[in-house]
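Chemist: Structure below; questions to follow.
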Amino acid sequence: MVTRSTRTARTSAPDAPRPDAARTPASGAARNAAGDRDSVALGPLTGRWLLAGGDGRLTAYARTEGGLLRWTERTPGGPDWSGPDLFPVPDLTDLAVGQGPDGYAHFVGRRRSPDGGAVTVTYHHAVQYQTGRPLAPWQDLGTLYRKPEMSHRGGPPVAAVDARGAAHVFVRNAGRGIHLKCQDAKGDWGDWQDLRGSKTFEGISAGSTADGRVVLAAPGEKGISRWTRSDPGAPMDRGEDLPFLARDGSPVALETAPGRVTHFWHAADGSGVFAHREGAGAHGLGGAPASGAVAATRGLVDGHDCTVLALRTVDGRTALAAYPTEQEAAGLWWTEIGEEGLESPALAVDAHGRVVVASISVRGELLVNRQKDRSALSLGRWQRF
């Protein structure tokens, strides 16, 4: 069995665009951002912003004043990274990323445009098919509502990708429920659908499982609302609400066994991180009051499958903890690591099976650290890019 001390962190496909893609709001061409003010990250993208590609290399994504920033491992497992590369995306106020079983990274953004005396909100989508390659052109997904006086009432988007590689875009709508727009098996976009719901916050989260099921969690005034799409093309089924108050933007879902998902979130009252899984109920996991989303992944520690969690504390530092997967009662310790960062940290597993933690520094740089070996969750030196 893994001991508490070993679970404590110590600081010692084709690249061609789809033929019907519209080139809005900007092309997918990247340019090196070194020495440019746009190389300064304003914060990470919403969602799992540290992703493993099909070739095993990790990629980190952040937003900046001029668009999307990207850092890429030069070789699988690092330690060197290229970037930041800038993908110009004019006027998008929010950017999120999602990834499906095919490894493609899907980006969605919200654009607020003056329209006379009013503001029109539109949504946009682009794909990176291969690690280190350009983005396909951006597609305009339109507005939530046809009436001009309603078109500005849509929240920040989140993205998930199903087993077919079809992107799903979720948005908190004017009635404080959820709207969905998704692709079909051919990649064509359907109409916006109203999934209902009520009194949700803007900071919703979406993800997918290894078999391509799509899950959505929306914190709100009454608890955490959940939806699941079990099969591609099937309806998004409304699940039972979790009667727990979560901080806006904090939930994340992690597949902790085949067909089983565990939800994590920050308690609204600042009492730490909580986990919930069907059939297991809710468990308090401790941790100081925090902001942003909980980061979660699974990795090997002492040969055991462990769930690794990270969060941004109220003083801006990253805190890390781990415990044997689905054994919340075993307990865990939280340890602060690194320097002050912006918004939520990220977790992933590299090509050598080591846990990697990343954050965006207050100076707008990418900070990366990784497990020295899999005998413990002991980290090496922080790298700055």
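The values are calculated or read from the model by the stated rules, or taken from the named source; none is laboratory data. Only a predicted model underlies this, so the values are computations on that prediction, with no experimental measurement involved. Every residue, glycine among them, receives a Cβ derived from its backbone with ideal geometry; neighbour counts consider all protein chains shown. Remember, those area values only see protein heavy atoms, side chains included, never the ligands or the DNA or RNA. Shrake-Rupley method; radii C 1.70, N 1.55, O 1.52, S 1.80 Å.
Chemist: Working out 0.36 nm times the residue gap between Ala174 and Glu221, then minus their Cα-Cα distance, what length gain in nm do you get to one decimal? Working shown, then result.
Modeler: Values: separation 47, 0.36 × 47 = 16.92 nm, distance 1.55 nm.
Contour length minus Cα-Cα distance gives 15.4 nm.
Chemist: Here's a follow-up. Just the number, please: Stokes-Einstein D of the chain in µm²/s, Kirkwood Rh from C-alpha pairs, 10 °C, 1.306 mPa s. Don't skip to the answer; put the middle values down first.
Modeler: Values: Rh = 20.8 Å.
Reported coefficient: 76 µm²/s.
Chemist: How much accessible area does Tyr104 have with a 1.4 Å probe, in Å² rounded to the nearest 10?
Modeler: Number for this one is 40 Å².
Chemist: I'd like to check one number: the per residue accessible area of the range 273-333, probe 1.4 Å, reported in Å² as a whole number.
Modeler: Values: 2050 Å² over 61 residues.
On a per-residue basis, 34 Å².
Chemist: Would you work out the charge dipole size for the chain about its Cα centre, treating the Cβ of every Lys and Arg as +1 and the Cβ of every Asp and Glu as -1, and quote it to the nearest 20 debye?
Modeler: Numbers: 44 positive and 43 negative charges, 43 e Å.
Charge dipole of the chain: 200 debye, to the nearest 20.
Chemist: Further, regarding this structure: What nm distance separates the two modelled labels at Ser198 and Arg74, each placed 7 Å from Cα along Cα→Cβ?
Modeler: Roughly 5.8 nm, to one decimal.
Chemist: Go through the range 124-135 residue by residue and turn each phi into a ³J(HN,Hα) via Karplus (6.51, -1.76, 1.60, θ = phi - 60°); whole Hz please, and just put x for glycine and proline.
Modeler: Once θ is set to phi - 60°, the couplings for the range 124-135 become 9, 9, 8, 10, 10, 7, 9, 4, x, 9, x, 7 Hz.
Chemist: Could you tell me how far the Cα centroid of the range 271-289 sits from the Cα centroid of the range 86-154, in Å?
Modeler: 33 Å
Chemist: Quick check: pseudo-label points 7 Å beyond the Cα along Cα→Cβ at Ala351 and Asp315, how many nm apart are they?
Modeler: Distance between label points: 3.8 nm.
Chemist: Tabulate in residue order the Karplus-calculated ³J(HN,Hα) for the range 363-368, using 6.51 cos²θ - 1.76 cosθ + 1.60 with θ = phi - 60°, rounded to whole Hz; enter x for Gly and Pro.
Modeler: With coefficients 6.51, -1.76 and 1.60, one gets 8, x, 9, 8, 10, 9 Hz.
Chemist: May I pose another question? Excluding ligands and nucleic acids, what accessible area in Å² is computed for Glu340 using a 1.4 Å probe, to the nearest 10?
Modeler: The value for Glu340 is about 90 Å².
Chemist: Follow-up. Once you have the Cα-Cα distance between Asp302 and Val119, take 0.36 nm times their residue separation minus that, and quote the gain in nm to one decimal.
Modeler: Values: separation 183, 0.36 × 183 = 65.88 nm, distance 5.44 nm.
Result for the pair: 60.4 nm of gain on full extension.
Chemist: Calculate, for Lys372 and His283, the FRET efficiency according to 1/(1 + (r/R0)^6) with r their C-beta to C-beta distance and R0 30 Å; round to the nearest 0.05. Mind showing how you got there, number by number?
Modeler: Working: r = 29 Å, r/R0 = 0.96.
The formula returns an efficiency of 0.55 here.
Chemist: May I pose another question? Residue farthest toward the positive end of the dipole of the chain, with Cβ of Lys/Arg at +1 and Asp/Glu at -1: which of Ser291, Ala52, Pro324?
Modeler: Sorting the options by dipole projection puts first Ser291.
Chemist: Take the alpha-carbon centre of the range 330-385, take the same for the range 236-268, and report the distance between them in whole Å.
Modeler: 23 Å
Chemist: Now for a separate question. Non-local amide H neighbours of Val349 (under 5 Å, H modeled in plane, Pro and chain starts lacking H): which ones?
Modeler: Close amide H contacts, sequence-distant or interchain: Val356.
Chemist: Would you mind calculating the relative contact order of the range 35-83 from Cα pairs under 8 angstrom and at least 6 residues apart, reporting the percent as a whole number? Before the final figure, lay out the partial values.
Modeler: On the way: 82 pairs, mean separation 14.8, N = 49.
30 percent.
Chemist: Normalised by the residues of the range 221-357, what does the relative contact order come to in percent, with Cα pairs under 8 Å and at least six apart? Each step should come with its number before you reach the end.
Modeler: Numbers: 308 pairs, mean separation 21.1, N = 137.
It comes to 15 percent, rounded to a whole number.
Chemist: What accessible area per residue, rounded to a whole number of Å², is obtained for the range 93-225 using a probe radius of 1.4 Å?
Modeler: On the way: 4970 Å² over 133 residues.
For the range 93-225, the per-residue accessible area is 37 Å².
Chemist: Remind me, relative contact order of the range 51-125 in percent, using alpha carbon pairs under 8 angstrom and six or more residues apart?
Modeler: Numbers: 135 pairs, mean separation 15.4, N = 75.
Taking the mean separation of contacting Cα pairs over the length of the range 51-125, I get 21 percent.
Chemist: Follow-up question, since we're still on this one. Arrange the peptides 343-350, 265-272 so that the one whose residues have, on average, the most other Cβ atoms within 10 Å appears first.
Modeler: My ranking of the peptides, most packed first, is 343-350, 265-272.
Chemist: Rg/Rh for the range 176-235: what does it come to with C-alpha atoms and Rh from Kirkwood?
Modeler: Working: Rg = 12.3 Å, Rh = 12.4 Å.
Rg/Rh for the range 176-235 comes to 0.98.
Chemist: Hey, any idea what % of the range 264-352's accessible area is carbon plus sulfur with a 1.4 Å probe? Write out the running numbers ahead of the final one.
Modeler: Working: 1570 of 3060 Å².
Answer for the range 264-352 is 51 percent, counting heavy atoms of protein chains only.
Chemist: In nm, give the distance between the simple-model label positions of Glu149 and Ala185, each being 7 Å from the Cα along the Cα-to-Cβ direction.
Modeler: Output for this residue pair reads 4.3 nm.
Chemist: Return the sequence-ordered ³J(HN,Hα) values of the range 187-194 in whole Hz as given by the Karplus equation 6.51 cos²θ - 1.76 cosθ + 1.60 applied to θ = phi - 60°, using x for Gly and Pro.
Modeler: 3J(HN,Hα) across the range 187-194, in whole Hz: x, 7, 8, x, 7, 5, 10, 8.
Chemist: Within the chain, how many Lys pairs that are eight or more residues apart, or on different chains, come under 26 Å at the alpha-carbon?
Modeler: Working: Lys147/Lys181; Lys147/Lys199; Lys181/Lys199; Lys181/Lys222; Lys199/Lys222.
Within the chain, the lysine pair count is 5.
Chemist: While we're looking at this one, here's another question. With just the Cα atoms of the range 234-307, tell me how far they stretch along each of the three principal axes, in Å, largest first.
Modeler: 38, 36, 20
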